[in-house]
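Please read the structure below before turning to the comments.
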Amino acid sequence: MPTYLLTIAYDGLPYAGWQRQAGQDTVQERVERAAVQISGGPIHVEGAGRTDAGVHALAMAAHVVLPRVWEPGSLRLAMNANLPPDIAVQAVQPAPDGFHARFHAKGKRYVYRVVASPVRPAIARGYYHWVRRAVDLPAMRAAAALLRGRHDFASFATNPGYVRRHGTVRTLQRIHLVQRRHGFDLCVQGDGFLYNMVRTIAGTLLDVGLGRRSPAWVGDVLAAADRRRAGATAPAGGLYLLSVLYEPQLLPAEPAPPPGESRLPSTIAADQMAE
């Protein structure tokens, strides 16, 4: 039976996260329901990871094994016809037998969005984190540079059980702060992320940006390997899964989007992750 890689965008606000949970409305359950509608039998859709309640995705990767061969464009249309308006399959790619969206992922990219303004924005609440005053981006960039590389990120993890099972050493390959007209985006790329790691990094860097701590303090937090030393976990609504990374030789080239269509909103461009 053929395997397909689905690239899925969703608004996380109405859902209790990606992963199926008893008695909760989740993105995974909605995507599986759509797959059942087109296949006529039980279907499991496996994501490349989890996103929490209220976290958004521009390109969650997930694989599905179907009982028959589909042309990718037709499968995308069929899935979207059975999905709610706030979940959309952006692209479909054939994947090799045995492909696993989570186990074969080599990294992920996230963006965390912050609006800095003395006046509370009235529109699009739940899609960014609002702080009441301007931040010191140069200080935040100096602090963020201390996090780049391979480190023990225990201070930035909020799930002790996961930490004990899987360890806390990760490689943060890229971390950038991109200034916006009314705030900034925190863009990160790593080989893996601990539970709430990006949101805790955001909250910790904001302590620096708001003048509560010095940039050097972030190095002390990292060395402490103690969650109690870091800043608060920033709210879920500002976080977006930007993309999941795979080895190029594992998958065929992804087809280009139709003319005039972009996979990413212009406000969150992929070039934010460029060195």
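The values are calculated or read from the model by the stated rules, or taken from the named source; none is laboratory data. The shown structure was predicted, so the numbers you read here are calculated from the model rather than taken from an experiment. Neighbour counts are summed over all protein chains in view; Cβ atoms, including those assigned to glycine, are modelled from backbone coordinates with ideal geometry.
Quick notes on this one:
- Scanning region 26-73 for residues that are in contact (Cβ under 8 Å) with a residue 60 or more places away in the chain, in contact with a helix residue (DSSP H, G or I) (Cβ under 7 Å, 6 or more places away or on another chain) and small (G, A, S) yields a count of 2.
Table: residues versus (1) surrounded by fewer than 20 Cβ atoms within 10 Å (Cβ to Cβ); (2) under 15 Å from the mean Cα position of the chain (by Cα).
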site: Y4; (1), (2): no, no
site: G23; (1), (2): yes, no
site: V31; (1), (2): no, no
site: G40; (1), (2): yes, no
site: T51; (1), (2): no, yes
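- Among residues of region 111-142, those that are touching a strand residue (DSSP E or B) at 6+ places or on another chain (Cβ under 7 Å) and either outside the structural domain of V218 (by TED's automatic domain parsing) or among the basic types (K, R) (or both), counted: 4
- Within region 200-214, considering residues that are of a type in the set (D, E, K, R) and assigned to a loop (DSSP other than H, G, I, E, B), the one farthest from A142 (Cα to Cα): R212
- Failed criterion for M79 (all others in (1) modelled with pLDDT under 95; (2) in contact with a strand residue (DSSP E or B) (Cβ under 7 Å, 6 or more places away or on another chain); (3) part of a helix (DSSP H, G or I) hold): (1)
For (1) within 20 Å of P248 (Cα to Cα); (2) surrounded by fewer than 21 Cβ atoms within 10 Å (Cβ to Cβ); (3) in the same structural domain as I8 (by TED's automatic domain parsing), each residue gets a yes or a no:
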site	(1), (2), (3)
V36	no, yes, yes
V45	no, no, yes
A88	no, yes, yes
P94	yes, yes, yes
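- Residue within region 72-88 that is β-branched (V, I, T) and under 29 Å from Y112 (Cβ atoms) present: yes
- Evaluation of M140 against the conditions (1) in contact (Cβ under 8 Å) with a residue 60 or more places away in the chain; (2) more than 18 Å from V188 (Cβ to Cβ) shows that the sole unmet condition is (2).
- When residues in region 87-124 are screened for being free of Cβ contacts under 8 Å to residues at least 60 places away in the same chain, among the basic types (K, R) and closer than 30 Å to R181 by Cα, 1 of them pass.
- Each residue in region 215-247 was checked for being among the aliphatic types (A, V, I, L, M) and either part of a helix (DSSP H, G or I) or over 20 Å from H176 (Cα atoms) (or both), and 8 of them qualify.
- Screening R102, R125, R132, R150 for residues that are loosely packed, with under 13 Cβ neighbours inside 10 Å and over 21 Å from T204 (Cα atoms) leaves exactly one candidate, R125.
- All conditions but one from (1) of a type in the set (A, V, I, L, M); (2) in contact with a Ser or Thr (Cβ under 9 Å, 6 or more places away or on another chain); (3) part of a strand (DSSP E or B) apply to A88; the one that does not is (2).
- Selection status of Y10, modelled with pLDDT of 95 or more, more than 20 Å from Q93 (Cα to Cα) and surrounded by 15 or more Cβ atoms within 10 Å (Cβ to Cβ): no
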